[in-house]
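Reading through the structure tokens given below for one structure.
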Amino acid sequence: MRISLFQYNIVWADKTANIQIVDEHLSKIVGQTDLLVLPEMFSTGFCTNDLHLAETMTGETVNTLKSWALKYKLAITGSFIATEAGSIYNRAFFVFPTGEIQTADKRHLFSMGGEQNFFSNGNKQLIVNYCGFNICVLVCYDIRFPVWARNINNKYDLLIYVANFPERRIADWDILLKARAIENQTYVCGLNRVGVDGINIQYNGHSVVLDAKASELLTFDDNESNIKTAEIELEPLLRYREKFAVWRDADSFTIL
């Protein structure tokens, strides 16, 4: 499966500008990828208190995602600000090339940034099957909570984190992504943004694709705005899991 990461500077609270940025860059990967990964809150930036930016599942953002998937014959994942039944969510999505969409909401809200004051948290993982891979999509702060990502009985083969992860803590991001790959015996994709947001927080990217041993398959330069593509294969992962079957000794548990 070919997976493309779009690391870019999200325009603060401007859906039109951000949708245009993605649309302009999609032409670069037409026919060259199977899955496009976008950052957390790709169309707005991490605007936790601008609730007017929230949209329903029939709003402009979802309709645009579906139209891209259908037009360019690829899947797209990321997150956006969603509203449903009077609540606001940081909603992860996976749009298939057919236009079908599956979603789940960010489990761990970033309390030090006040996210919990405006958003409701989710209670399920987003796991889909695509191109023969079982893919789990989680959001930013979720990366600090390994129990939530635990890959019990190899229920997924690729773990994706979409994020707005600040430069001042980027060393944590680098380490945590590698830890999640090794402990879960899975491919990991971490997609972060670059630039300075509307509240003067700096981001420098460090988006990456890792194999199950945390070897880097794709990297970006600091502060690089670009789309890059890596190809991952299922068979080497399955052989590794069979040869070094750590997953068989994992604890079983239920998250309440």
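Residue by residue, the stretch 122-134 carries 3J(HN,Hα) couplings of x, 9, 9, 8, 9, 10, 10, 10, 8, 6, x, 9, 8 Hz when phi is fed to the Karplus relation 6.51 cos²θ - 1.76 cosθ + 1.60 (θ = phi - 60°); x denotes Gly or Pro. The translational diffusion coefficient of the stretch 83-165, from Stokes-Einstein at 37 °C and 0.692 mPa s with a Kirkwood hydrodynamic radius over alpha carbon pairs, comes to 242 µm²/s. With contacts defined as alpha carbon pairs under 8 Å and 6 or more residues apart, what's the relative contact order of the chain in percent? Worked out over the chain, it gives 19 percent.
Using the Karplus relation 6.51 cos²θ - 1.76 cosθ + 1.60 with θ = phi - 60°, the per-residue 3J(HN,Hα) values for the stretch 157-163 come to 10, 9, 10, 10, 10, 9, 8 Hz, with x marking Gly and Pro. Annotation: amide H-H contacts under 5 Å for N204 (H modelled 1.01 Å from N, sequence separation of 5 or more, or interchain): E167. For the stretch 17-158, the relative contact order comes to 18 percent (Cα pairs under 8 Å, sequence separation of at least 6).
In the stretch 194-256, Cα pairs under 8 Å separated by at least six residues give a relative contact order of 21 percent.
According to the calculation over all Cα-Cα pairs in the stretch 178-249, the P(r) per 10 Å bin from zero is 19, 40, 25, 13, 4 %.
Shown in residue order for the stretch 164-172 are the 3J(HN,Hα) couplings computed by the Karplus curve 6.51 cos²θ - 1.76 cosθ + 1.60 at θ = phi - 60°: 10, 10, x, 4, 5, 10, 5, 4, 4 Hz (x for Gly and Pro). Under 5 Å between amide hydrogens, built in the peptide plane, is the criterion, and for M41 it picks out S79, F80 among residues at least 5 positions away or on other chains. Between the helical axis of 60-72 and the dominant principal axis of the chain, each derived from Cα atoms, what acute angle in degrees is found, rounded to the nearest 10? Taking the Cα atoms of the chain, the angle to 60-72 is about 60 degrees.
Placing a pseudo-label 7 Å from each Cα along the Cα-to-Cβ vector at Y240 and A171 gives an inter-label distance of 2.6 nm. Normalised by 2.2 N^0.38 Å, where N is the number of residues, the alpha-carbon radius of gyration of the stretch 2-249 equals 0.94.
Between W148 and Q32, the C-beta separation translates, for a Förster distance of 35 Å, into a calculated FRET efficiency of about 0.60.
Only the coordinates and a few stated rules stand behind these numbers; no lab work does. This structure is a prediction, so every number in the text was calculated from the model and none was measured. No Cβ is skipped: glycine too gets one built from the backbone with ideal geometry, and neighbour counts run over all protein chains shown.
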